[in-house]
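Here the structure is laid out as structure tokens; the discussion comes afterwards.
The values are calculated or read from the model by the stated rules, or taken from the named source; none is laboratory data. Since this is a predicted model, take the numbers as computed values, not measurements. Heads up, the Cβs are rebuilt from the backbone with ideal geometry, glycines too, and the neighbour counts pull from every protein chain shown. Each accessible area value is taken on the protein alone, full model and side chains, heavy atoms only, with ligands, DNA and RNA left out. Shrake-Rupley method; radii C 1.70, N 1.55, O 1.52, S 1.80 Å.
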Amino acid sequence: MDLEKAQRAFKRNRFECSIFKTKEKASEYLNGKIDGCSIGMGDSLTLAEMGLYDKLISHNTVYDIHHLPVDREKAGFKETNDAFLEIARKTLTTDIFLCSVNGASETGVLVNMDGTGNRAAGSLFDHKKVYFVLGRNKMAPSLEEAIWRTRNIAAPKNVLRHKFLCGCSAHGGDKCYDCGAPDRICNALVIYYKKMRNTEMEVVLIDEDLGF
Ligand code: SF4
């Protein structure tokens, strides 16, 4: 995948865009840029693999739904869900919002699928700055292929990760079956054609495979 070509395309679409060879370099960059802020983090395996929460928490206020004040394994569904919603709401009113995407095209367009809406909402409005952080595995040549990977690769893998019962997980997560399961996570598809008005937005591309 040609990350430099993608960077030029993102800039044409009014996003700031930076490229890093490794997740450690990207993490160092973000930790240096974000200081003394309130930060909301969307549900992102990429950010978790970068260990960003542990770096940022020492000099910022950070709300991350990967760090709920309950033990997900031991707490019941209601307790876990209540804790999730409380943190998710807080992520919407912070200075900075950090998330990844499920797909991105070399033509400079980002794609996200969402089940609850907290990540989609947080990435679109009312933050001073939004960072979209993604590994090279999220990139596809065209928007159509980025949407295809979102639906058939990222979504089934996330369903398996959360142990949800959906059409894709019943088949081992091989592809999307466009299910009607109550657990379905594919409820809204967001396509970021250009940077949103009134919000700074930066795409951080990393030349490694990260997340799904
Ligand atoms: S629509 Fe259903 S089957 Fe398709 S990826 Fe989403 S949860 Fe899985």
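What the table below lists for this structure:
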{"quantity": "Condition check for VAL130: farther than 30 Å from PHE77 by Cα and away from the ligand (no atom under 15 Å from the Cβ)", "calculated": "yes"}
{"quantity": "Those residues of the stretch 31-82 which are under 21 Å from ALA121 (Cβ atoms), of a type in the set (A, V, I, L, M, F, W, C) and in a loop (DSSP other than H, G, I, E, B), in sequence order", "calculated": "ILE34, CYS37, ILE65, LEU68"}
{"quantity": "The listed residue being of a type outside the set (D, E, K, R) and farther than 25 Å from LYS157 by Cβ, out of LEU56, LEU30", "calculated": "LEU56"}
{"quantity": "Set VAL130, VAL111: member being part of a strand (DSSP E or B) and more than 16 Å from GLY211 (Cα to Cα)", "calculated": "VAL130"}
{"quantity": "Subset of the stretch 157-167 (residues that are among the aliphatic types (A, V, I, L, M) and either open to solvent by less than 70 Å² (accessible area, probe 1.4 Å) or near the ligand (Cβ under 8 Å from one of its atoms) (or both))", "calculated": "VAL159"}
{"quantity": "Residue in the stretch 124-138 that is surrounded by fewer than 19 Cβ atoms within 10 Å (Cβ to Cβ), farther than 22 Å from GLN7 by Cα and at pLDDT below 95 present", "calculated": "yes"}
{"quantity": "Residue within the stretch 175-191 that is closer than 23 Å to ARG12 by Cβ, at pLDDT 95 or above and away from the ligand (no atom under 12 Å from the Cβ) present", "calculated": "yes"}
{"quantity": "Qualifying residue in the stretch 48-66 (condition: without any contact (Cβ under 8 Å) to a residue 12 or more places away in the chain and β-branched (Val, Ile, Thr))", "calculated": "yes"}
{"quantity": "Tally of residues being in a strand (DSSP E or B) and open to solvent by 30 Å² or more (accessible area, probe 1.4 Å) across the stretch 168-204", "calculated": "4"}
{"quantity": "Scope the stretch 140-156; condition of a type outside the set (Lys, Arg) and near the ligand (Cβ under 8 Å from one of its atoms); matching residues", "calculated": "ASN152, ALA155, PRO156"}
